[in-house]
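What follows is a single structure, and I will ask about it in a moment.
Here, each number is a calculation from the coordinates, and none is a lab measurement. Nothing here was measured: the structure is a model prediction, and the numbers come from that model. Reconstructed Cβ throughout: ideal geometry from the backbone, glycine too, with neighbour counts over all protein chains shown.
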Amino acid sequence: MTSLTSPTSRYAQEAIALLASLIRAERIEKQIPVSELAERAGISRGTLHRIEQGDVKCQIGSYFEIAAILGIPLFDTQVSLPSLVSHRNRVEEKLKLLPKHTSKKKSSRKVKDDF
């Protein structure tokens, strides 16, 4: 994995490294040349190489597109497109019920903590 110049959690680093390894292994197993996969994904060969090395600076959409082309499930199991759309719609409905903004409101009351 490439060195990081911005703070990235260990979890995010490991997740990206795992996806990068899955992409590289699947591409090699399916015998797809770098140039062909890059063209199908609409990215440069250099970007594909960076993705296969786990570069956190690459766009997440590129990772997802390559995974989709190679048939790599991004969630626990291979999820169908209708299933993804349905799940996204449920989350969008939930978002409509949640407040539009999050902020810490300062209490106008003074707390009496001297006992």
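Does Y11 meet the test of being out of contact with any helix residue (DSSP H, G or I) (no Cβ under 8 Å at 6 or more places or on another chain), under 25 Å from L84 (Cβ atoms) and among the aromatic types (F, W, Y)?
Here the answer is yes, as Y11 does meet what is asked.
I'd like to verify a number: residues in the range 31-84 that are in a loop (DSSP other than H, G, I, E, B) and touching a Gly at 6+ places or on another chain (Cβ under 8 Å), how many?
The total comes to 1.
OK, next. Identify all residues within the range 6-30 that are charged (D, E, K, R), in a helix (DSSP H, G or I) and under 17 Å from P73 (Cα atoms); write none if there are none. Working first, answer last.
Here is the first cut: in the range 6-30, the ones charged (D, E, K, R) are 10, 14, 24, 26-27, 29-30.
Add one more test, that the residue is in a helix (DSSP H, G or I), and what stays is 10, 14, 24, 26-27, 29.
Those that are charged (D, E, K, R), in a helix (DSSP H, G or I) and under 17 Å from P73 (Cα atoms): E14, R24, E26, R27, E29.
While we're here: Taking the conditions exactly as written (out of contact with any Pro (no Cβ under 9 Å at 6 or more places or on another chain), at negative phi, assigned to a helix (DSSP H, G or I) and loosely packed, with under 10 Cβ neighbours inside 10 Å), does P99 satisfy them or not?
Answer is no for this residue.
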